[in-house]
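The values are calculated or read from the model by the stated rules, or taken from the named source; none is laboratory data. Predicted model only: the values in this text are computed from it and were never measured. Reconstructed Cβ throughout: ideal geometry from the backbone, glycine too, with neighbour counts over all protein chains shown. Surface accessibility is based on the protein's heavy atoms, side chains included, excluding ligands, DNA and RNA. Shrake-Rupley method; radii C 1.70, N 1.55, O 1.52, S 1.80 Å.
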Amino acid sequence: MAVKDLDWANIGFTYIKTDYRYVSNYKNGSWDEGAIVTDATIVMSEDAGVLHYAQECFEGLKAYRTEDNRIVCFRPDLNAKRMVDSANRLEMPPFPEDRFLKAVEEVVRANEDWVPPYGSGATLYIRPVMFATGNVIGVNPADEYQFRIFVTPVGPYFKGGAKPISIKVSDYDRAAPHGTGNIKAGLNYAMSLYPIVKAHEEGFAENLYLDAGSRTYIEETGGANVILVDNDGNLVIPKSYTDSILPSITRRSIAYVAEHVLGLKVTERPVKLSEIPDFAEMGLCGTAAVISPVGKITDHGNVIEIKSGMDEMGPVTKKLYDTLTGIQMGHIEGPEGWVHEIP
Ligand SMILES: *Cc1c(COP(=O)(O)O)cnc(C)c1O
């Protein structure tokens with residue numbers, strides 16, 4: 001067996017069917033023992049709860065090779081925990097965290113030939129997903145579920161460096177106050193599709209969502225949290241007073257690195273859209289891109305230029321990016337347990 005011979009720099013972010021997936025089914029009140037299987041398809045009832053009432057949640061993380069050819073992933077324990085939170089909010093039986101970690105290890109090891117080579121910039125994206133397979137017609141939680149993890153290799157997020165992006169303030173809302181914005185539910189994405197297609201047509205890379213209640217405070221984009229750097233070079237993280245921001249693992253890791261590795265001051269507080277011109281740098285963070293710098297925000301007729309500009313990442317953002325990716329790659333010593341080796 002050998003690493004697959006793909007054009008790693010150009011595979012993009014699309015589904016490529018790999019050899020194995022992990023599946024466990026929930027029935028009669030418990031999860032079965034689970035197994036690595038080859039079938040990439042799912043056969044279920046036309047009346048499955050997921051198809052009607054969107055009882056579904058997912059996770060996203062990546063595995064990659066280190067310089068010394070170990071296969072690792074980044075803080076998978078936090079994905080396990082977040083999926084438990086998502087499941088509880090959707091009245092789904094949580095998949096135990098220790099079993100989640102073992103399943104990630106098993107499915108990555110089974111597909112090790114699909115883990116891109118060190119230095120290619122490509123990674124193996126890991127997609128855990130959980131959905132209601134049991135029959136439901138009245139609005140109720142189902143009594144049967146499937147937990148599945150599949151993997152697919154993805155190309156480098158940035159080709160030729162991370163260029164600042166231009167985004168717009170959306171007229172739509174991503175998440176209701178005290179709704180499901182703080183969990184990783186597929187339904188949150190369903191309603192962001194119309195606004196993102198529109199935004200792309202208008203030439204914007206992303207939608208910035210404001211708090212749905214007052215349309216005053218910034219929350220996050222469709223799939224990434226926001227970080228800001230003030231004029232003193234300190235980090236400010238928008239906080240939702242209605243708890244409708246998804247707790248990004250990348251953002252929490254950046255906050256830790258900023259405070260404990262780089263010695264910056266870190267403040268988490270509600271941030272008004274009207275305050276944005278006061279900041280020096282802005283970035284979007286998530287597993288896929290780590291950090292995408294934002295250069296410009298269009299709020300209807302009004303264009304807000306971020307001080308760091310449209311040419312390159314701001315200096316503090318760059319430092320955060322380099323430090324976090326350095327920890328992920330094993331070039332910088334990070335906190336205990338952040339880089340998790342696949343046995
Ligand atoms: C997954 C996700 C993020 C990023 O979270 P990470 O754990 O950093 O990958 C941000 N916002 C939303 C809405 C998400 O679904």
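Can you give the three extents of the C-alpha atoms in the stretch 157-217 along their principal axes, from longest to shortest, in whole Å?
40, 23, 20
Rounding to the nearest 10 and keeping the result within 0 to 90°, find how far the Cα-based axis of helix 76-89 lies from the longest principal axis of the chain.
Roughly 80 degrees, rounded to the nearest 10.
Quick one: check the C-alpha center-to-center distance for the stretch 294-330 versus the stretch 60-81, whole angstrom.
That distance is 24 Å.
Could you give the distance between the Cα centres of the stretch 251-269 and the stretch 179-227, to the whole Å?
Distance between centres, Cα-based: 24 Å.
Among Val50, Val107, Asn231, pick out the residue whose Cα is farthest towards the positive end of the charge dipole of the chain, where Lys and Arg carry +1 and Asp and Glu carry -1 on C-beta, about the Cα centre.
Towards the positive end, the residue furthest out is Asn231.
What's the FRET efficiency of Asp243 with Asp68 using the Cβ-Cβ distance as r and R₀ = 41 Å, to the nearest 0.05?
Here the calculated transfer efficiency is 0.50.
Measuring with a 1.4 Å probe in the full set of protein chains, what accessible area per residue, in whole Å², belongs to the chain?
Here the per-residue accessible area is 45 Å².
For Arg65, Arg127, write out the residues from largest to smallest accessible area, computed with a 1.4 angstrom probe and no ligands counted.
Heavy-atom accessible area, descending, gives Arg127, Arg65.
Assign one of three labels to the stretch 126-180, namely rounded, prolate or oblate, based on the Cα gyration tensor with a ≥ b ≥ c the square roots of its eigenvalues; rounded applies when a/c is under 1.5, prolate when it is not and a/b is larger than b/c, and oblate otherwise.
Taking the square roots of the gyration eigenvalues as a ≥ b ≥ c, the stretch 126-180 is oblate.
Quick check: at a probe of 1.4 Å, how many percent of the accessible area of the chain sits on carbon and sulfur atoms?
51 percent
Among 230-241, 314-325, how do they line up from the highest to the lowest mean number of other beta-carbon atoms within 10 Å?
Per-residue Cβ counts within 10 Å, averaged per peptide and sorted highest first, yield 314-325, 230-241.
At R0 = 41 Å, how high is the FRET efficiency between Lys17 and Glu202 if r is their beta carbon distance? Nearest 0.05 is fine.
0.75
For the stretch 165-327, what is the convex hull volume of the alpha-carbon atoms per residue, in Å³?
In the stretch 165-327, the Cα hull volume divided by residue count equals 103 Å³.
Subtracting the Cα-Cα distance from 0.36 nm times the residue separation, let me have the gained length for Asn140 to Asp232 in nm, one decimal.
Roughly 28.0 nm would be gained on extension.
With a ≥ b ≥ c the root eigenvalues of the C-alpha gyration tensor of the chain, is it rounded (a/c under 1.5), prolate (a/b larger than b/c) or oblate?
oblate
How much FRET efficiency would the formula 1/(1 + (r/R0)^6) give for Ala2 and Val37, where r is the Cβ-Cβ distance and R0 is 22 Å, rounded to 0.05?
Working from the Cβ atoms, E equals 0.45.
Starting from the Cα gyration tensor of the stretch 1-135, take the square roots of the eigenvalues, sort them a ≥ b ≥ c, and report rounded, prolate or oblate (rounded when a/c is under 1.5, otherwise prolate if a/b is larger than b/c, else oblate).
Taking the square roots of the gyration eigenvalues as a ≥ b ≥ c, the stretch 1-135 is prolate.
What dipole magnitude, in Debye to the nearest 20, does the chain give about its Cα centre under +1 on Lys/Arg Cβ and -1 on Asp/Glu Cβ?
The dipole of the chain has a size of about 280 debye.
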